[in-house]
1. Tell me whether segment A:271-282 contains one or more residues that are over 30 Å from A:Lys37 (Cα atoms), in a loop (DSSP other than H, G, I, E, B), more than 13 Å from every other protein chain (Cβ to nearest Cβ) and within 22 Å of the chain's Cα centre (by Cα).
2. Do we have any residue at all in segment A:292-310 that's within 28 Å of A:Thr113 (Cα to Cα), at pLDDT 95 or above and of a type in the set (Ser, Thr, Tyr)?
3. Within segment B:69-88, which residues are part of a loop (DSSP other than H, G, I, E, B) and closer than 21 Å to C:Asn72 by Cβ?
4. I want to confirm something. Restricting to segment C:136-175 and keeping residues that are hydrophobic (A, V, I, L, M, F, W, C) and out of contact with any strand residue (DSSP E or B) (no Cβ under 8 Å at 6 or more places or on another chain), which single residue is farthest from C:Ser6 (Cα to Cα)?
5. Could you pull out the residue among A:His189, A:His181 that is modelled with pLDDT of 95 or more, of a type outside the set (Lys, Arg) and either out of contact with any helix residue (DSSP H, G or I) (no Cβ under 6 Å at 6 or more places or on another chain) or not assigned by TED's automatic domain parsing to the domain that holds A:Cys268 (or both)?
6. Hey, A:Val108 hits all of (1) in contact (Cβ under 8 Å) with a residue 12 or more places away in the chain; (2) in a helix (DSSP H, G or I); (3) within 14 Å of another protein chain (Cβ to nearest Cβ) but one; which does it fall short on?
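The values are calculated or read from the model by the stated rules, or taken from the named source; none is laboratory data. Model, not experiment: these values are computed from the prediction. Glycine also receives a Cβ, built like all others from the backbone with ideal geometry; neighbour counts cover every protein chain displayed.
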Amino acid sequence: MQHYTSLNDIQDLSAIIEKAIQLKKNPFQYNDIGKNKTLIMLFFNASLRTRLSTERAAKNLGMEVSVLNISNAWNMEFEDGTVMNLNTSEHIKEAAEVVSQYGDIIAVRAFPTLTDKAKDTSELIINSFKKYATVPIVNMESATDHPLQALADGITLEEQKSEKKPKVVLSWAPHPKALPHSVANGFVHLMNKMDVNFVITHPSGYELDPNITKNAQVVYNQEEAFKDADFVYTKNWSSFSDYGKVLQSDADWMITQKKLGKAKFMHCLPIRRNVVAEDAVLDGNNSLVIEQANNRTYAAQVVLKELLTQLK
Amino acid sequence: MQHYTSLNDIQDLSAIIEKAIQLKKNPFQYNDIGKNKTLIMLFFNASLRTRLSTERAAKNLGMEVSVLNISNAWNMEFEDGTVMNLNTSEHIKEAAEVVSQYGDIIAVRAFPTLTDKAKDTSELIINSFKKYATVPIVNMESATDHPLQALADGITLEEQKSEKKPKVVLSWAPHPKALPHSVANGFVHLMNKMDVNFVITHPSGYELDPNITKNAQVVYNQEEAFKDADFVYTKNWSSFSDYGKVLQSDADWMITQKKLGKAKFMHCLPIRRNVVAEDAVLDGNNSLVIEQANNRTYAAQVVLKELLTQLK
Amino acid sequence: MQHYTSLNDIQDLSAIIEKAIQLKKNPFQYNDIGKNKTLIMLFFNASLRTRLSTERAAKNLGMEVSVLNISNAWNMEFEDGTVMNLNTSEHIKEAAEVVSQYGDIIAVRAFPTLTDKAKDTSELIINSFKKYATVPIVNMESATDHPLQALADGITLEEQKSEKKPKVVLSWAPHPKALPHSVANGFVHLMNKMDVNFVITHPSGYELDPNITKNAQVVYNQEEAFKDADFVYTKNWSSFSDYGKVLQSDADWMITQKKLGKAKFMHCLPIRRNVVAEDAVLDGNNSLVIEQANNRTYAAQVVLKELLTQLK
């Protein structure tokens with residue numbers, strides 16, 4: 001694994017999930033593998049879980065950590081050949097190569113514009129870091145993907161499943177603001193690699209990028225989709241075809257305990273209560289959201305450990 | 001001590017002050033008690049002393065520290081049962097439980113609204129953290145209290161007093177902006193636990209919460225209150241009865257060297273020079289403000305040490 | 001070395017550069033010299049390189065590091081005797097002395113106003129820290145100087161020069177915004193201490209502070225100045241005489257590969273591509289900008305090591 005910018009960077013997902021579960025039993029068992037190594041975490045956007053869990057993961061491995069909000073540095077330019085006489089004062093070419101000299105691994109969070117579909121789909125920012133940095137890049141959520149979340153979700157599913165091949169539903173849910181597709185996309189990538197019966201459900205118009213969903217089964221009737229589900233992974237996203245738009249409020253798509261039945265409830269957090277899911281779901285015994293967040297640490301830790309091993 | 005959100009969490013104040021004074025002699029004597037433990041510091045508001053001293057205290061004990069300004073994460077909801085379709089995107093129920101998984105102790109700073117008396121008086125934010133977190137909570141200044149400051153002040157008084165039972169005056173002083181009551185309240189809590197002759201002085205209308213001051217002596221004439229004082233603890237606060245209001249400018253309440261006489265001058269900092277106290281007071285030999293700030297480290301360190309001891 | 005606020009704080013520049021080059025070979029060779037010591041980094045302004053390289057340097061020496069953006073603390077007052085009833089709530093007198101108690105070395109970044117020439121030239125902020133702090137102060141770029149950059153540039157020149165006495169040109173270049181003189185001034189200080197043939201070139205009106213340039217040679221024709229140059233150090237700065245003004249756009253002063261010829265190209269970064277220098281310069285083999293940034297770590301590390309040695 002040279003970088004970790006997508007779940008596809010993992011060759012053997014089951015083996016990595018198993019390693020993460022072993023790490024979780026004693027998070028400090030490799031606490032000198034990161035000695036004299038530095039993780040630099042660069043944030044273009046807000047973060048709670050990703051920031052705290054990734055920092056913790058790195059320190060559990062004995063790494064030093066520097067956290068920088070890009071808003072405290074310089075506006076960055078990502079286009080080639082630009083005459084930089086406007087709002088950007090530092091080109092990614094210099095930034096990525098320079099920062100590579102201060103750290104051994106660089107983790108980056110950069111959300112999509114949700115207005116420029118071509119730029120977002122091309123993953124300009126995270127790919128520019130990969131191109132110009134000279135050290136491994138970790139994706140802490142990019143324009144179209146969130147592979148640390150996906151790996152944590154894989155760990156959670158592995159720990160929680162009681163069927164050999166569970167039925168997993170990815171359900172869209174309402175939200176007042178336009179949100180990225182990255183968590184949903186990351187979860188689709190995960191589903192493609194796990195032995196599950198996978199169904200996606202959302203209102204018409206909220207189809208995800210067909211290059212990502214490929215031949216995943218889509219059921220437009222939420223109730224039908226939820227039938228016999230073992231896990232319901234819930235997430236809002238804005239329209240992909242009518243890019244970045246909130247098409248309607250669809251309050252009846254909110255997840256209720258009644259809809260859920262015996263299925264386990266998953267969500268990446270933060271979650272808007274009584275909009276995305278009702279209190280009863282989040283406060284009930286079927287909710288896995290706290291455990292998913294817990295597994296963020298071990299997902300990050302297993303990824304950093306793999307990258308550190310290959311640095312040596 | 002399960003949490004440290006008020007001076008009342010300390011069972012034996014004299015013993016804790018004594019431990020802090022011992023720690024100060026060699027701050028590194030317990031530098032592996034915090035090994036593999038993480039302090040997460042969450043700031044809803046500005047901080048200089050609290051942030052740097054608490055971070056130093058934790059590291060003196062061998063802890064790892066993560067510092068997060070909530071403005072770099074998500075707007076947090078504290079009310080129960082809300083339909084979260086407005087400005088808040090993460091509920092404290094999830095936030096507190098999730099963050100508890102990334103750290104072993106959580107420290108929180110959250111100032112009052114000064115507009116919603118009921119919310120502030122109920123200590124909604126810090127109490128929500130106590131309720132939903134699964135690890136100890138440290139109060140780095142909440143709506144109505146500042147117990148790390150109070151403990152540092154207790155250490156300073158213990159170190160500086162020459163009388164067995166000194167006379168200590170808490171004096172209101174003018175300030176251009178509406179300020180919280182937390183430092184004054186915390187100091188009143190401290191006075192209730194120390195063997196002192198305690199007097200509060202302020203203009204009429206600035207009475208503190210009677211549930212906190214209880215039967216403390218209030219003298220409305222500052223000159224009279226200062227007579228034979230050993231220590232004058234100065235602080236501005238806004239009105240409690242006319243909640244959060246600045247009633248008048250009262251420039252004649254500023255602390256001068258002449259008023260102070262031989263009394264030692266105390267203030268929590270930051271202080272507006274020549275508004276709250278004149279330069280001569282702060283630059284004179286009777287000022288203890290720098291030593292109070294120094295003791296913030298040892299107050300935090302003794303608290304963290306107590307909490308760590310009980311984690312094991 | 002009591003503080004490091006100017007290159008003049010270094011007694012023997014060659015010896016320090018040699019030590020830095022030795023540190024670079026094994027950055028962890030003194031990794032316990034900073035044990036139980038804390039570097040506090042205070043930022044009044046944006047930073048990428050300075051922040052990450054100085055933090056890394058301190059940690060390479062085994063120090064703990066606290067990073068604080070002053071915007072997350074209190075507005076600071078630097079004038080003596082002010083009645084602080086306006087926008088500032090903490091005086092440097094308290095701030096510097098208090099912070100000295102939480103750290104063993106304080107590093108400060110504070111850019112000039114570019115509107116108040118007297119204040120900037122007097123170095124009010126960094127000099128106030130020197131005056132009131134009780135620990136060593138490191139200048140991470142002040143109103144008129146950037147000595148960590150200058151030292152890194154000295155290391156780079158020493159590593160890269162092939163002539164015993166190279167010709168070094170400091171060239172002004174265009175920029176859309178008004179920039180400080182600090183990097184240019186710092187480089188002039190460096191040139192005064194190295195065995196070089198030094199020439200400054202800029203359009204008329206952009207003369208640097210004559211108290212700094214002294215009798216340095218100024219050539220107003222860029223092409224003539226560049227003749228037979230071994231190194232071209234490029235930087236924009238605003239006018240000093242017409243203080244803080246951008247006089248004209250002067251696009252023809254941009255550095256091109258053709259102008260540069262065989263000379264090595266230097267710049268402190270961040271750099272606006274195709275405004276200050278064309279892509280071909282930065283992407284070409286003669287650019288030293290990445291290596292200059294790399295040497296920021298070792299410049300900071302050698303300075304911190306010197307200061308730590310004298311603390312003991």
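1. Taking segment A:271-282 and keeping what is over 30 Å from A:Lys37 (Cα atoms), we get A:271-282.
Applying the additional criterion that residues be in a loop (DSSP other than H, G, I, E, B) yields A:271-272, A:274-276, A:278.
Subsequent filtering for residues that are more than 13 Å from every other protein chain (Cβ to nearest Cβ) retains none.
Checked segment A:271-282: no residue is over 30 Å from A:Lys37 (Cα atoms), in a loop (DSSP other than H, G, I, E, B), more than 13 Å from every other protein chain (Cβ to nearest Cβ) and within 22 Å of the chain's Cα centre (by Cα).
2. Looking for residues that are within 28 Å of A:Thr113 (Cα to Cα), at pLDDT 95 or above and of a type in the set (Ser, Thr, Tyr), one finds at least one in segment A:292-310, hence yes.
3. Of all residues in segment B:69-88, those part of a loop (DSSP other than H, G, I, E, B) come to B:73-75, B:78-88.
Hits for segment B:69-88 are B:Ala73, B:Trp74, B:Asn75.
4. Initially, segment C:136-175 is screened for residues hydrophobic (A, V, I, L, M, F, W, C), giving C:137-138, C:140, C:143, C:148, C:150-152, C:155, C:157, C:168-170, C:172-173.
From the residues that got through so far, the ones that are out of contact with any strand residue (DSSP E or B) (no Cβ under 8 Å at 6 or more places or on another chain) too are C:143, C:150-152, C:155.
Values: C:Ala143: 12, C:Ala150: 9, C:Leu151: 10, C:Ala152: 13, C:Ile155: 16 Å.
It comes out as C:Ile155.
5. Numbers: A:His189 fails: either out of contact with any helix residue (DSSP H, G or I) (no Cβ under 6 Å at 6 or more places or on another chain) or not assigned by TED's automatic domain parsing to the domain that holds A:Cys268 (or both).
Exactly one of A:His189, A:His181 is modelled with pLDDT of 95 or more, of a type outside the set (Lys, Arg) and either out of contact with any helix residue (DSSP H, G or I) (no Cβ under 6 Å at 6 or more places or on another chain) or not assigned by TED's automatic domain parsing to the domain that holds A:Cys268 (or both), namely A:His181.
6. A:Val108 satisfies all of (1) in contact (Cβ under 8 Å) with a residue 12 or more places away in the chain; (2) in a helix (DSSP H, G or I); (3) within 14 Å of another protein chain (Cβ to nearest Cβ) except (2).
Rundown of residues vs (1) within 12 Å of chain A (Cβ to nearest Cβ); (2) under 17 Å from C:Ala150 (Cα atoms); (3) assigned to a helix (DSSP H, G or I), yes/no style:
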{"residue": "C:Lys19", "(1), (2), (3)": "no, yes, yes"}
{"residue": "C:Phe28", "(1), (2), (3)": "yes, no, no"}
{"residue": "C:Asn31", "(1), (2), (3)": "yes, no, no"}
{"residue": "C:Lys35", "(1), (2), (3)": "no, no, no"}
{"residue": "C:Leu39", "(1), (2), (3)": "no, no, no"}
{"residue": "C:Asn45", "(1), (2), (3)": "yes, no, no"}
{"residue": "C:Thr50", "(1), (2), (3)": "yes, yes, yes"}
{"residue": "C:Glu55", "(1), (2), (3)": "yes, no, yes"}
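Here's the yes/no breakdown for (1) within 14 Å of chain C (Cβ to nearest Cβ); (2) within 20 Å of the chain's Cα centre (by Cα); (3) assigned to a strand (DSSP E or B):
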residue: B:Leu208; (1), (2), (3): no, yes, no
residue: B:Tyr220; (1), (2), (3): no, no, no
residue: B:Glu223; (1), (2), (3): no, no, no
residue: B:Asp228; (1), (2), (3): no, no, no
residue: B:Ser238; (1), (2), (3): no, yes, no
residue: B:Lys258; (1), (2), (3): no, no, no
residue: B:Phe265; (1), (2), (3): yes, yes, yes
